[in-house]
Amino acid sequence: MNKLQTPFRARRNLTLSLASAAVAPFTIWTRHASAATQVVVRTPGGVFDDIKRETVYDPFKKETGIEVVPVAATIAKLMAMMKSGQNELDVIDTGDNALLELERLNYMQPIPYNDFKYTNPNDIDAAVRRKFQVGSFIYAMVMAYNTKAVKPGSEPKSWADFWDVNKIPGRRTLADMASGSVGLEYALLADGVPMDKLYPIDIDRALKVMSRIRSQIPKFWDTGALSSTMLTNGEVVMGSLWSTRVHAAMAEGAPLGISWNQNALLVQSYGIPAGTKNVEAARKYIDYASSPEVQSRWLTKYKAIPVNVKSYGAASKDLMDPSTGTPWTKSKGFMLDIEWWANNRTKVSDAWSKWIVAK
């Protein structure tokens, strides 16, 4: 498994993760030093921390004297800690949908934007600047294709193209519910629904549209590793994939390409748990990590889209629309509505379970 997948595991079945929280062990780390000299941050771990240690954690300690202690934890463990009253975290770094779930259970506190010193909050993309969380970086669900199977000039330019098996023959793949959500939005886009009219999602209509290409989907993927493997080895010619996963595979030589049109914007975010005794250090860390200098430094290496608009100039050219000077997620995409998904995930899951086994 490519470790660049790790920041997005929080998007896997949140309903199941949260339901299992009551039995999950909550002791993941014990603070040994003075709270004033440390900030404990939940992270995805792996290469994510390797890059961030060099570009964010160590420079932050040099700047403030505060050591960043990264701790890997599942959503279930986070929930167990909150319920037990034994939370040791100062900052949670995870998917925006997971933080929304925690916020709705009153486990998060507002982000103190007014106290920011390193970052002008107005420079943070308004779409990811929320009361109880603030974006860390942006990525997307995109149409990806195998460049050996899809000839130059015939690449998919819309989800309507993705659904057109006569125009672009071959098998496809889409996300399974176990990945956290399914591509209902893409089905509706293929059926002619405008990007600004997707929500509230017509679940029945979306599943009927999915039925049109059901026979062309050998497997719905549940992990980013599976999605890129299927596309790289030619098992499928096209698929919906996380942009970070595609770029990671391309960096290893995979014959893949991306169509950014009608992409779904996804967000990794910071949040501060309610009741933490180290709010000042948490605020300083989020403030520092959101600054244009730091965003430019670490996201140049991580190859994701900054949330600070002043850092766009440092973003990889692959992520930017040259005609607008803004990320593809802004010029050609739409914001995934995490509020709608939080309200309807169980309903979608039930409908999906029936649809997926239907003949």
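Using 0.36 nm per residue, how much length does the chain from Ala149 to Arg104 gain when fully extended, once their Cα-Cα distance is taken away?
11.7 nm
Anyone know which of Val40, Val193, Val246 comes out most mobile in the 10 Å Cα GNM of the chain?
Maximum fluctuation in the GNM of the chain, among the listed residues, is at Val193.
Note down the magnitude of the dipole of the chain about its Cα centre, charges +1 on Lys and Arg C-beta and -1 on Asp and Glu C-beta and zero elsewhere, to the nearest 20 debye.
The dipole of the chain has a size of about 580 debye.
How would you order 208-215, 176-183 from highest to lowest mean count of nearby Cβ atoms within 10 Å?
Final packing ranking: 176-183, 208-215.
Using 1/(1 + (r/R0)^6) with R0 = 35 angstrom and r between the beta carbons of Ser84 and Ala160, what's the FRET efficiency to the nearest 0.05?
That gives a FRET efficiency of 0.10.
Straight distance only, please: which lysines reach the Cα of Lys151 with their own Cα at less than 20 Å, same-chain residues fewer than 8 apart left out?
Correct list for Lys151: Lys167.
Helix-only mean residue ellipticity at 222 nm, the chain, DSSP H runs n ≥ 4 weighted -39,500 (n - 2.57), per residue, nearest 500. What is it?
So the calculated ellipticity at 222 nm is -9500 deg cm²/dmol.
When averaged across all projection directions, what area in nm² does the alpha-carbon convex hull of the stretch 51-93 cover?
3.4 nm²
Find the accessible area per residue for the chain; the probe is 1.4 Å, ligands and nucleic acids are left out, and the unit is Å².
In whole numbers, the chain has 41 Å² accessible per residue.
Looking at Gly170, Thr119, Tyr139, which one has the Cα that reaches farthest to the positive end of the dipole of the stretch 61-188 (charges on Cβ: Lys, Arg +1; Asp, Glu -1)?
Final value for the positive-end residue is Gly170.
Of the listed values [x] 64, 44, 35; [y] 74, 43, 33; [z] 57, 51, 48, grab the one calculated as Cα extents along the principal axes in Å from the structure here.
[x]
Structure shown: which of Lys117/Lys284; Lys61/Lys117; Lys131/Lys301; Lys52/Lys284; Lys131/Lys347; Lys77/Lys303 lie over 20 Å apart, alpha-carbon to alpha-carbon?
Pairs exceeding the cut-off: Lys131/Lys301; Lys131/Lys347; Lys77/Lys303.
HN-Hα J couplings of the stretch 237-250 from phi, Karplus 6.51/-1.76/1.60, θ = phi - 60°, integer Hz, Gly and Pro as x?
3J(HN,Hα) across the stretch 237-250, in whole Hz: 9, 8, x, 8, 9, 5, 4, 5, 5, 4, 5, 5, 5, 5.
Report in % the part of the accessible area of the stretch 200-359 that belongs to carbon and sulfur, leaving out ligands and nucleic acids; probe 1.4 Å.
50 percent
Please give me the summed charge of the neighbours of Pro218: other residues whose Cβ is under 15 Å from its Cβ, Lys and Arg +1, Asp and Glu -1.
Charge balance near Pro218 sits at +1.
Quick query: amide H of Thr326 versus all other amide H atoms, modeled in the peptide plane; which residues come in under 5 Å with a sequence gap of 5 or more or a different chain?
For Thr326, whose amide H was placed from the backbone, the distant partners under 5 Å are Asp321.
List every residue whose amide H lies under 5 Å from the amide H of Val69, counting only residues 5 or more places away in sequence or on a different chain, with H placed 1.01 Å from N in the peptide plane.
Val39, Val40, Val41
From the alpha carbon gyration tensor of the stretch 225-359, can you work out the equivalent ellipsoid semi-axes (sqrt of 5 times each eigenvalue) and give them in Å, largest to smallest?
30, 24, 15
List the residues, sorted by chain then number, that are 5 or more residues from Gln109 or on another chain and whose placed amide H is less than 5 Å from its amide H.
Answer set, sorted by chain and number: Ile272, Ala274.
Which loop GluC sites (Glu not before Pro) in the stretch 211-312, with loop taken from DSSP, have no more than 16 other Cβ atoms within 10 angstrom of their Cβ?
Within the stretch 211-312, the qualifying GluC sites (Glu not before Pro) (loop, at most 16 other Cβ atoms within 10 Å) are Glu235, Glu252.
Kindly identify the stretch 267-340 as rounded, prolate or oblate by the Cα gyration tensor criterion: order the square roots of the eigenvalues as a ≥ b ≥ c, call it rounded if a/c is under 1.5, otherwise compare a/b with b/c, prolate if a/b is larger, else oblate.
It is oblate, given that a/c is not under 1.5 and a/b is not larger than b/c.
The values are calculated or read from the model by the stated rules, or taken from the named source; none is laboratory data. Remember, predicted model here, so these are calculated numbers, not experimental data. Methodologically, a virtual Cβ is constructed for each residue, glycine included, from the backbone with ideal geometry; neighbour enumeration extends over all protein chains shown. Remember, those area values only see protein heavy atoms, side chains included, never the ligands or the DNA or RNA. Shrake-Rupley method; radii C 1.70, N 1.55, O 1.52, S 1.80 Å.
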